[in-house]
Every structure is written in structure tokens, then in C-alpha cells.
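The values are calculated or read from the model by the stated rules, or taken from the named source; none is laboratory data. Here the structure is a predicted model, which is why all the values come from computation and not from measurement. All Cβ positions, glycine included, derive from the backbone under ideal geometry; neighbour counts span all protein chains shown.
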Amino acid sequence: MKNKHPELVIGAFIINNKNELFLRTTPSQNDKYTCVNGKIAWGETIEKTLKNQVKEKTNLEIESYELIGLTNGLNIISNSNPEPINMIFADYIVRINNLDKFKSDEKRKYKWLLPKEWLKMEKDKFGPYIREVILKISL
């Protein structure tokens, strides 16, 4: 049997200069709101992955970033495959000052809201554990 290891996924909770948080819907999670994220490729650093994912998915440049925390993602992502999904999520607050070049995938809904505004939404509008991270951010 092949050795299996969890995959590390970087999550970017993007905050603009008005302290608004960017979240977007994700088709793989039934169009629930999630952060920008991506798996770390072999030989790539966390910083490079974070910058590349934010640039690729929003066309924004990161000013600064800070680790929020890690989440054990064993089977928290819905999956039609009988194989268990084992991911570790390393989530970061990512600060953006200049939104002039912002773009988002036209197939996804997105919003910039203050964390307290996000928390007024129904819990079922968020992907797994996203609301819990927003609670951490809003403290």
C-alpha cells in the first residue's frame, strides 16, 4: 500500500484597507462562501503559494500576511469519492491596500463585507470551518 499523507492547503482571508473581508462562492462546496485557497505544489513555499493564489484568483498584490491558524481537514470537505479526504488548512489574514486591479471569476459570487457583517449571515452559507475563522478574525 502506498504511503498517504495529508495535503497542505493555504487559505487567504483577504482584508482590504476598509477592514472588509473578501469571500467568494465555490462550486465544489455547493456555492457556499469560502476564502481564496490552493494546495502547495511540490517545491513551492507557503509564501509563494499564498501570493500566487491571491494574484491568480483576484489579480491583487499582497501587502502583508499573518498566520491565523491550522485546521485539521480530515473529511470536513464533502466528497463523492469513497476515499477519505485528509487536508490540513493553514489560514492567513492577507492585507491588501490597492484594489485598483481587482478582478474575480465571473462564474462565482463574491462580497467584501466587514467580518461582523459576514457573521450575520446564516451558517449554512459558508463552506466548512469558514465561519469559525471569521469569528477569530473579528475578535
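List pairs: first residue in the range 32-59 and surrounded by 14 or more Cβ atoms within 10 Å (Cβ to Cβ), second residue among the acidic types (Asp, Glu) and assigned to a strand (DSSP E or B) anywhere in the structure, Cβ distance under 9 angstrom, at least six positions apart or on different chains. These pairs meet every condition: Cys35/Asp91; Asn37/Asp91; Ile40/Glu7.
The set of residues in the range 82-104 that are at pLDDT below 90, surrounded by 14 or more Cβ atoms within 10 Å (Cβ to Cβ) and assigned to a loop (DSSP other than H, G, I, E, B) comprises Ile85, Asn86, Ser104. For the range 28-57, name all the residues that are of a type outside the set (Asp, Glu) and more than 14 Å from the chain's Cα centre (by Cα). Asn30, Ala41, Trp42, Gly43, Thr45, Lys48, listed by residue number.
Residue selection: Trp112 fails the criterion of being farther than 23 Å from Glu61 by Cβ, surrounded by 14 or more Cβ atoms within 10 Å (Cβ to Cβ), modelled with pLDDT of 95 or more and of a type outside the set (Val, Ile, Thr).
Of the residues making up the range 122-137, just one is surrounded by 14 or more Cβ atoms within 10 Å (Cβ to Cβ), free of Cβ contacts under 8 Å to residues at least 60 places away in the same chain and not charged (D, E, K, R), namely Tyr129.
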